[in-house]
Every structure is written in structure tokens, then in C-alpha cells.
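The values are calculated or read from the model by the stated rules, or taken from the named source; none is laboratory data. Bear in mind the structure is a predicted one, so any value in this text is a computation, not a measurement. Cβ coordinates were reconstructed from backbone atoms using ideal geometry, including for glycine residues, and neighbour counts include every protein chain displayed.
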Amino acid sequence: MDEVTFRVFRGEPDADGEPFGQMIDYTVTLDEGMVVLDVIHRIQAEQAPDLSCRWNCKAGKCGSCSAEVNGKPKLMCMTRMEDVLEETPDGEPVLVKPMQAFPLTKDLVTDASWAYDMDRRIAPISGPEESDWEFRQEEADRLQEFRSCIECMLCVNTCHVLREHQMFDDFAGPRFFVRLAGLEMHPLDTESRIPEIKDDFGIGYCNITKCCTEVCPAGINITDNAIIPLKERVVTEFYDPLVMLTRKFRSD
Ligand code: SF4
Ligand code: F3S
Ligand code: FES
């Protein structure tokens, strides 16, 4: 029977809040069709009942089982072991770590409460309560793409502005640019969002590396469909000479 060795981070924050722990090896039997989360559950069942991980739906829908598998941000419930083994060097264990951009809670669980705070900073849709607006197909498709976000935070975990530079106060990050784009491009939304997208949510810090798009399990084209159009709107509103002139006349 096939076996697999997982090298899993075990630990908690130290007194300064920094991750403190070690990588521990667990070898378990591998059944056909297993995903990474199945292996973690088997480790919990057979060897480490106190190993913490977060999960809920086991179907790629709730966004709670995010972790780093062999250094890549993944949903554990959607990551097939046969794919993981294919990219793991022979004789080496599979490395499983918590998301590195967020503060550690315990083992594979991180504290992503920053996301709730950021969500609260975004004004909800404001527009007529009733409308007979008929959505064109492309408008509906665009909003549907943005609404398919499962809030797994894998894009946030990957973006260097947050992961390396920790600019959590000044930069909304890819997940929330998706949310802001869904509101800004909603045909019924009347809120003026571009000034705060530029100043409070720091879209200028994004240098379009596209790493966020590459890891999104919902297949959202974060950079091309959300971030770049928002950047274009910022440029139009703040740096287009004609728009600037019109604004000046209006304020005079
Ligand atoms: Fe996850 Fe994609 Fe949503 Fe980012 S945009 S939180 S990667 S589903
Ligand atoms: Fe970050 Fe995505 Fe921009 S990874 S830098 S938000 S393109
Ligand atoms: Fe819900 Fe993995 S357990 S997305």
C-alpha cells in the first residue's frame, strides 16, 4: 500500500506574536483519489488529534482550507494528491504550511480577521431600491465573475505588497479590488468610489505582477478584469486633462 510523508508546520505565536514552532513529519497510508485535506484528516485521526486546520465544505466553496502546499498557495480540499506527488521530488516529504501573509493562530490556522475589517471599510452598493434596469449580458457576466470569489485569501497571501511589505493598512489587496470592481462597475451603484480606491485603498501600489490571478481557485481574472479597469478609472478621473479641467470649472 502506498504511503506518503507530510512535513507539517506545528506551532503557535510566541510572546511577540511571531510564529514559533517546527516542521513535523507524519507518514500515513495513501488511498486513491485523496486530496491534501484527506491526508491532514488522516494525520489527525491516527497520529495528531491536536493538529489544527480550518475547513468546512470540502468542495472548494467556503474558502476556509487555504494553506501552502510545497510552497504554493492552495485550497487543501481541491488539491489532488496525485498532482502534489508529481511535483514533489522523489523521497522528499510534502511540505504543508499555513498562509504566511497572515498572523498565525495555530498550526495550519491563520488569523484573517484583517479581511473583515477591510470589508467594513467598503461602502455597500448605493442606488435606487427599485429599478427596471435590464442587465446586458456582458454586465451580468462581469458581475458574476466578481461574485464568484470564495474569500479564500490565497490572492492576498500571494501578493508581495501584503506578504512581503505588510501594507495591510494602506492597500486593499486583490480580493478587495475584486469587490470594489464589482461595486464600481455595477450599473446601479451611485457611490463615488474612485477617490478612495486611489487614496485609501492604495491601488497605485499594485504593479500588476498578476501573481494573484495565477492562484485564484475561482478562476477570477483579478488583474485584467478588476484591477486594471480600476486603475484606468483612476487615471481618467485624476490625470485626464479634460476631466481635470471640467472638475476645476465645476468647483469655481
Ligand atoms: Fe480567493 Fe480568488 Fe477571491 Fe482572491 S479573488 S479571495 S483568490 S477566490
Ligand atoms: Fe498584487 Fe495582484 Fe497587483 S499580486 S501587485 S494585486 S496584480
Ligand atoms: Fe471549503 Fe476547502 S473546505 S474550500
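Of all the residues that make up the stretch 153-164, how many are surrounded by fewer than 23 Cβ atoms within 10 Å (Cβ to Cβ) and within 10 Å of ligand 2 (Cβ to nearest atom)?
Total meeting the criteria: 3.
Going through the stretch 1-48 one residue at a time, which ones are within 16 Å of M81 (Cβ to Cβ) and in contact with a Ser or Thr (Cβ under 6 Å, 6 or more places away or on another chain)?
M1, E3, T5, T27, V35, V36, listed by residue number.
In the stretch 171-204, what count of residues is obtained for those that are within 23 Å of M99 (Cα to Cα) and either of a type in the set (G, A, S) or over 17 Å from the mean Cα position of the chain (by Cα) (or both)?
3
How many of the residues making up the stretch 2-34 are hydrophobic (A, V, I, L, M, F, W, C), within 26 Å of the chain's Cα centre (by Cα) and in a loop (DSSP other than H, G, I, E, B)?
The qualifying residues number 1.
Return the pair list, or none, for Cβ contacts closer than 6 Å from residues in the stretch 210-225 that are near ligand 2 (Cβ under 8 Å from one of its atoms) to residues that are of a type in the set (K, R), at least 6 apart or on different chains.
T223/K210
Could you say which residue among F177, F168, F146 is farther than 17 Å from E232 by Cα, at pLDDT 95 or above, touching a Leu at 6+ places or on another chain (Cβ under 8 Å) and not acidic (D, E)?
Result of the check over F177, F168, F146: F168.
Pick from S64, S113: which is buried (at least 19 other Cβ atoms within 10 Å of the Cβ), closer than 27 Å to H165 by Cβ and hydroxyl-bearing (S, T, Y)?
S64
Step by step: first the residues of the stretch 116-148, then only those that are of a type outside the set (S, T, N, Q), more than 25 Å from the chain's Cα centre (by Cα) and exposed (fewer than 10 other Cβ atoms within 10 Å of the Cβ), then the one that is farthest from R163 (Cα to Cα). Which residue is that?
Checked the stretch 116-148; the qualifying residue farthest from R163 (Cα to Cα) is D132.
Of the residues that sit in the stretch 181-202 and are farther than 20 Å from V161 by Cβ and small (G, A, S), which one is surrounded by the fewest Cβ atoms within 10 Å (Cβ to Cβ)?
That would be S192.
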